[in-house]
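Colleague: Dropping the structure in here first, questions after.
What follows draws every value from the coordinates through simple rules; no lab data is involved. Source: prediction; values computed, not measured. Note: ideal-geometry Cβ built from the backbone for every residue, glycine included; neighbour counts use all protein chains shown.
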């Protein structure tokens, strides 16, 4: 164990905890100022942030970073600034008749020091998005970016140190050992975004301190295409949703369930849609690289395993079997089965299996018998079929007749269910995640509850009997 590392982390935590204890209920003005500084920091350094992300990936389209990392953070900050006054206001709650004239209210209170462990795939958004919610709720923040995006992590550390005092928000950089030690700190709340496997380890480390956790994980997010769907529309929107960030998205469509008769037409439509979005792969500035050699090798292994087990592999760009650098040509996979690793593991890249089904019952059963995913997508104009899918399947969130866009809704919670995560954030749900909603009952001088004091007798029995009838 590196005692100097643990001491450095402990001192950072103690600095923030002491500052929080000196100011346990920051004012609206203070919170707005902190959120506004995140917004200003993001606006002022947007080009540098996009450049750092591209450096980490080998290549990432500037436009994707502007949309998925920078705009989303700005949107979250603006939403918080607009609504923060209302979120902070104590809420009047109903009071049962027999407790009147007492009154109930719910008082949002900051938790203290929040730890955030961010992943590599959207390294700015998935670090600063939760931080905005934590700061809006009145907390201090320690942030651990992924070691797989070192340029972005170092830039965030410099930017945050420039715009925030270390007792307000601080970035802790370092390798996986730093991440493990970070997860073991006695935070007041720990927020983790990443894989299900690592999420289990984070939850176990947090449990040693009884630290509450929010886990934003992943899983194999399915697409159900109904027979009533417009295949041209499906292909266009599915191609975008799958290939944003080259598929390295926690809510990316992982596999497609389509009526057996539509599998071949859908595959052909997808090939055309992908080529329309990305006429070439090699040298195309709009197409993002796979972030690391290890992830590139893992994806190639999934492809090789599927091919060896009988899958029919359809490259979207037949003349580009190998793209430049770590760019991976998108591939459609037909004739897949559950023995293939590509159908058991989260893909997190530009490979898309298409599975045929005989009827909607079969498609729903397929989703039901697997772990609950972070996202589900359904396409079609048949409202009855769509409502069946929504009622009979579980997923963290759903977009109907498109992909990904439910994550951008600040007026809706975002989170997983089952193996895809626990807890939620965005908008008021993020504020509530990082707050203790403290129930407060205020009793006036004259209160009927004194009739329940001992010594007990006939009056007590009559009143209790009455309450049993009306409660």
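Colleague: Ranked highest first by the average count of other Cβ atoms within 10 Å around their residues, in what order do 253-259, 148-154, 347-353, 273-279 fall?
Modeller: Peptide ranking by packing, descending: 347-353, 253-259, 148-154, 273-279.
Colleague: A further question follows. Between segment 272-316 and segment 85-118, what's the alpha-carbon centroid distance in Å?
Modeller: About 49 Å separates the Cα centre of segment 272-316 from the one of segment 85-118.
Colleague: Can you give the calculated 222 nm mean residue ellipticity of the chain, where each DSSP H run of n ≥ 4 adds -39,500 (n - 2.57) and the sum is split over every residue, rounded to the nearest 500 deg cm²/dmol?
Modeller: Numbers: 15 runs with 195 residues, N = 471.
Dividing the helical sum by the residues of the chain leaves -13000 deg cm²/dmol.
Colleague: Please report the projected area of segment 222-410's Cα convex hull averaged over all directions, in nm².
Modeller: Mean projected area for segment 222-410: 10.3 nm², to one decimal.
Colleague: Mind pulling the angle between the C-alpha long axis of helix 46-57 and the longest principal axis of the chain? Nearest 10 degrees, somewhere in 0 to 90.
Modeller: For helix 46-57, the angle is close to 60 degrees.
Colleague: Restricting the count to DSSP beta bridges whose residues both fall in the chain, what percent are antiparallel, rounded to a multiple of 5?
Modeller: 35
Colleague: Still on this structure: Could you sort 73-82, 137-146, 157-166 so that the peptide with the highest average Cβ count within 10 Å comes first and the rest follow in order? Working shown, then result.
Modeller: Numbers: 73-82: 20.4, 137-146: 25.8, 157-166: 16.2.
Highest to lowest by the protection proxy: 137-146, 73-82, 157-166.
Colleague: Specify the inter-centroid distance of segment 409-444 and segment 1-44, based on alpha-carbon positions, in whole Å.
Modeller: Result: 21 Å between the Cα centres.
Colleague: Next question. Whole number please: convex hull volume per residue, Cα atoms of segment 52-132, in Å³.
Modeller: Each residue corresponds to 124 Å³ of Cα convex hull volume.
Colleague: From the alpha carbon gyration tensor of the chain, can you work out the equivalent ellipsoid semi-axes (sqrt of 5 times each eigenvalue) and give them in Å, largest to smallest?
Modeller: One finds semi-axes of 44, 30, 19 Å for the chain.
Colleague: Write down the Kirkwood hydrodynamic radius of segment 324-454, to one decimal in angstroms, obtained as one divided by the mean of 1/r over all alpha carbon pairs. Write down the numbers at each step before the final one.
Modeller: On the way: mean 1/r = 0.0530 Å⁻¹.
For segment 324-454, the Kirkwood estimate is 18.9 Å.
Colleague: Nearest 10 degrees, 0 to 90: what angle lies between the long axis of helix 458-470 and the longest principal axis of the chain (Cα atoms)?
Modeller: 30
Colleague: Within the P(r) computed for segment 170-298, what percentage of the Cα pairs occupies the region above 22 Å?
Modeller: The answer is 54 percent, as a whole percent.
Colleague: Can you give the angle from 0 to 90° between the axis of helix 293-308 and the longest principal axis of the chain, with both taken from C-alpha atoms, to the nearest 10?
Modeller: Its long axis makes an angle of about 60 degrees.
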